[in-house]
1. Along the positive direction of the dipole of the range 1-93 (beta-carbon charges: Lys, Arg +1; Asp, Glu -1; about the Cα centre), which of VAL89, HIS39, ALA12 reaches farthest?
2. Using only Cα atoms, tell me the angle between helix 73-82 and the longest principal axis of the chain; keep it within 0 to 90° and round to the nearest 10.
3. What GluC sites (Glu not before Pro) in the range 35-109 are in a loop by DSSP, with at most 14 other Cβ atoms within 10 Å of the Cβ?
4. What ranking of LYS2, LYS140 emerges when the number of other C-beta atoms within 10 Å of each C-beta is taken as an exposure proxy, fewest first?
5. Please go through the residue pairs LYS140/LYS184; LYS20/LYS86; LYS184/LYS227 and name each one whose alpha carbons sit more than 21 Å apart in this structure.
6. Cα axis of helix 16-28 to longest principal axis of the chain: angle in degrees, 0 to 90, nearest 10?
7. Beyond 19 Å, how much of the Cα-Cα pair distribution for the range 188-294 remains, as a whole percent?
8. Where does the Debye-calculated log10 I(q)/I(0) of the range 132-184 sit at q = 0.24, 0.26 Å⁻¹, using only Cα point scatterers of equal weight, no solvent?
Amino acid sequence: MKCGLQLAMGAAVSNWEALKNVATLADELNYDSLLMGDHVVVPKHIDTAWPYDEYVGGMPPYHVYTEWDVLDPFDTVAFLAAITEKVRVGISVVIVPYRHPFDMARRVATIDVLSQGRFILGVGVGWLEEEFELLNIPFKERGARTDEYIDVMTAIWTQDTPRFSGRFVELNDDVNVLPQPLQKPYPPIWVGGESGPALKRAARVGNGWHFGLITPEQIRPRLDRLKALMDEVGRDYSDLEITGLVDYERLTPAIARQYRELGVDVLYILPISLDTGPVLQQMRDYADLIGEIN
């Protein structure tokens, strides 16, 4: 099992020096990948239930969303790609309904080229209903839009003269959406989420399944379901990369071994801090812990 770092959305990684220090250390410690979260406009007051409320014992970290700096994930990942050489970079997860697929396809391909093929595209439907309202995007359409937008992007990345006729997007003319991704046929798509529709999406189009803050006990039945869904669509489960998030404060060697035994390929810590120093120390400690169990 490999080390990963999800940069969360905190002030500790929202400036040039902090990002440079974190990225440099990730390369030095042979971290597999660095991921950014995604939001566009966050309301100061949130009523929507946090998806992982059970994991945090009914104390969701809403302040991280409402009070801390949130860098643009695409711009930040491009910056990380420029100052690293080995570590993969990506977004965990792009909230797909927020952006037109033409623009998103171009941005993903651009970072894949600039990173020399190190980009990972995590995709999800989103959870913050108030943000959808601010963006004037129907919350109840988010699943349908996500599925269709992914299909549009893959068509653009793989077809010389892409055509598409859907509920939200029509493409009947020759277009030039450059550049093409460096990774073929396109950067790996990691489908985020633990719901039934998310697992079906992973089985249909995912190169990976990316879970959030859930325990190993909660992961196991979902993996069983995912294997069955992969069989139904004629895809090989062993080709799927399994990755996800964990709270480092709760992680012990025994729990880390449980994730490894479940077949988790990359496990991401997401330190939340206003100070870069603790983040860097946690990265070192985490690398030692994973080295101990491997």
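What follows is calculated from the coordinates using simple rules that are stated; it is not laboratory data. This is a predicted model, so every value here is computed, not measured. Note that we place each Cβ from the backbone using ideal geometry, even for glycine, and neighbour counts take in every protein chain shown.
1. The residue sitting farthest along the positive end of the dipole is VAL89.
2. For helix 73-82, the angle is close to 70 degrees.
3. Working: sites: GLU54, GLU67, GLU85; in loops: GLU54, GLU85.
Answer in residue order: GLU54, GLU85.
4. Working: LYS2 17, LYS140 8.
If I rank by nearby Cβ atoms, fewest first, I get LYS140, LYS2.
5. Working: LYS140/LYS184 33 Å; LYS20/LYS86 14 Å; LYS184/LYS227 24 Å.
Cα-Cα > 21 Å for LYS140/LYS184; LYS184/LYS227; rest within.
6. So the helix axis and the longest Cα principal axis differ by about 80 degrees.
7. Details: 2597 of 5671 pairs.
Above the 19 Å cut-off, the range 188-294 has 46 percent of its Cα pairs.
8. Result of the Debye calculation: -0.94, -1.01.
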